[in-house]
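Visitor: Supplied in structure tokens, the structure appears directly below.
The values are calculated or read from the model by the stated rules, or taken from the named source; none is laboratory data. Fair warning: this is a prediction, and the values are worked out from it, not measured in the lab. With ideal geometry, Cβ positions are generated from the backbone for all residues, glycine too; neighbour counts draw on all protein chains shown. Calculation scope for accessible area: heavy atoms of the full protein, side chains included, ligands and nucleic acids excluded. Shrake-Rupley method; radii C 1.70, N 1.55, O 1.52, S 1.80 Å.
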Amino acid sequence: MTDTTPQTAPGRRFDPKTLLQLTLFGLLALLWLVLALATDTFFTEQNISNLVRQTSIGALVAFGQTFVIITAGIDLSVGAVVGLSGVVLALLLQAGVPLPLAIVLTLLLGAVVGIYHGFGIYNLGLPPFIMTLASLVGLRGVALLITNGQSIGGLPRGFTNFSQVSFLGIPSLFWMVILVGVLAFVLLQRSRFGRYIYAVGSNREAARLSGVKIGRTIYLAYAVSATLAALAGILLASRISVGIPTAGTYYELDAIAASVIGGASLFGAEGSIIGSFIGALLLTTINNGSNLLGVNPFWQPIITGLIIVGVVYTDQLRKRRQA
């Protein structure tokens, strides 16, 4: 099987992926400097803590989205999974289910959603866009139906306090990002499954002839995406102390944007966990800075949409030059 990981050419200091990540770090640092000069509150302890917590939820969703995008797929359902997971967890806790079991059951719900997507895409031959778009609408409806459109409160104090505490000065939500990010990085970059993910996105037929189990790889990619979205929903419920059926709106756009900003290609075979994290942090910084500067919040999804168009168009031009 052909190795699809970019290699550093002789005499070059950085491969393209590393160069992109360094460029994004530079852009992020510049944005932080501008916001620090433009506002008096950006670099306060409270705002940085809030920025980190906001980034944590989005980064987890972006990590899962990256697995799917590398296979040349897309998962538009992640925002609905976030909302559904939050209310399912809240309802389980209201019913007296112990917190650890409620969390496990909610994560299993995410995995089942991902397997369902894998079945529709691989076995039924449905386009990923259509399959996951249907879930976006359907799962949002399920969340509204089982809650009658109402928020579910009364969550245990120990659960809601988790998102507010810090360890070694780092918010607990960010520790979750570090833990999941390391595991996702190892899975994607240092495992056979990760190599299969890139191979499927590069050339599905060549991967099949090389012995890659295409169906299993697609199932796992979508299961990872939905499970991480479910985890994000659990942590979001902890952060806002309530399960809201409409929570996670636009998260699918933010996750796609974070992934493509970080170097993932919607044509497949490219992407990284580090890049997706930087992309998520960059988007959260833009939103956070916009709020501090008093920019109308309705501009934020517009900006995200424009970023996606710009990055995908640039990637398209690059692909044409390489052809």
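Visitor: With the requirement that a residue be among the aliphatic types (A, V, I, L, M) and more than 15 Å from A221 (Cβ to Cβ), what does the stretch 127-142 give you?
Guide: Answer for the stretch 127-142, where residues must be among the aliphatic types (A, V, I, L, M) and more than 15 Å from A221 (Cβ to Cβ): I130, L133, A134, L136, V137, L139, V142.
Visitor: Taking the options V200, V212, name whichever one is in a loop (DSSP other than H, G, I, E, B), over 19 Å from the mean Cα position of the chain (by Cα) and not charged (D, E, K, R).
Guide: Within the list V200, V212, the selection yields V212.
Visitor: Consider only pairs whose beta carbons are under 6 Å apart and that are at least six residues apart or on different chains; among these, list those whose first residue lies in the stretch 95-108 and is in contact (Cβ under 8 Å) with a residue 40 or more places away in the chain and more than 14 Å from G158 (Cα to Cα) and whose second residue is part of a helix (DSSP H, G or I) and among the hydrophobic types (A, V, I, L, M, F, W, C).
Guide: T106/V88; T106/L89; T106/A230; T106/I234; L107/A230
Visitor: Further question on the same structure: For the stretch 234-250, give me each residue that is touching a Leu at 6+ places or on another chain (Cβ under 9 Å) and in a helix (DSSP H, G or I).
Guide: I234, L235, A237, S238, R239
Visitor: A follow-up question, please. Between I214, I197, I146, I152, which is touching a residue at least 40 places away in the same chain (Cβ under 8 Å), closer than 27 Å to G263 by Cα and in contact with a Leu (Cβ under 9 Å, 6 or more places away or on another chain)?
Guide: Only one candidate passes the filter, namely I197.
Visitor: Looking at (1) of a type outside the set (K, R); (2) closer than 22 Å to Y250 by Cα; (3) not in a helix (DSSP H, G or I), find the lone condition where F174 falls short.
Guide: All conditions pass for F174, except number (3).
Visitor: I need a count of the residues in the stretch 260-279 that are farther than 11 Å from I70 by Cβ and open to solvent by 10 Å² or more (accessible area, probe 1.4 Å).
Guide: Matching residues across the stretch 260-279 total 3.
Visitor: Shifting gears a bit: Mind counting the residues in the stretch 56-95 that are surrounded by fewer than 24 Cβ atoms within 10 Å (Cβ to Cβ) and closer than 19 Å to S172 by Cβ?
Guide: 1
Visitor: In addition: Hey, G263 hits all of (1) small (G, A, S); (2) part of a helix (DSSP H, G or I); (3) touching a helix residue (DSSP H, G or I) at 6+ places or on another chain (Cβ under 8 Å); (4) farther than 30 Å from L101 by Cα but one; which does it fall short on?
Guide: Condition not satisfied by G263: (2).
Visitor: Report, by residue number, each residue of the stretch 113-133 that is in a helix (DSSP H, G or I) and either basic (K, R) or free of Cβ contacts under 8 Å to residues at least 24 places away in the same chain (or both).
Guide: Matches in the stretch 113-133: Y116, G120, I130, M131.
Visitor: So which of I57, I48, I69, I74 ends up being outside any helix (DSSP H, G or I), at pLDDT 90 or above, among the β-branched types (V, I, T) and within 24 Å of Y251 (Cα to Cα)?
Guide: I74
Visitor: Continuing with this model, one more query. Restricting attention to the stretch 123-175, and to residues there that are more than 22 Å from the chain's Cα centre (by Cα) and among the aromatic types (F, W, Y), which single residue is least open to solvent (accessible area, probe 1.4 Å)?
Guide: If we take residues in the stretch 123-175 being more than 22 Å from the chain's Cα centre (by Cα) and among the aromatic types (F, W, Y), then F159 is least open to solvent (accessible area, probe 1.4 Å).
Visitor: Could you say which residue among V200, V182 is among the β-branched types (V, I, T) and out of contact with any helix residue (DSSP H, G or I) (no Cβ under 6 Å at 6 or more places or on another chain)?
Guide: V182
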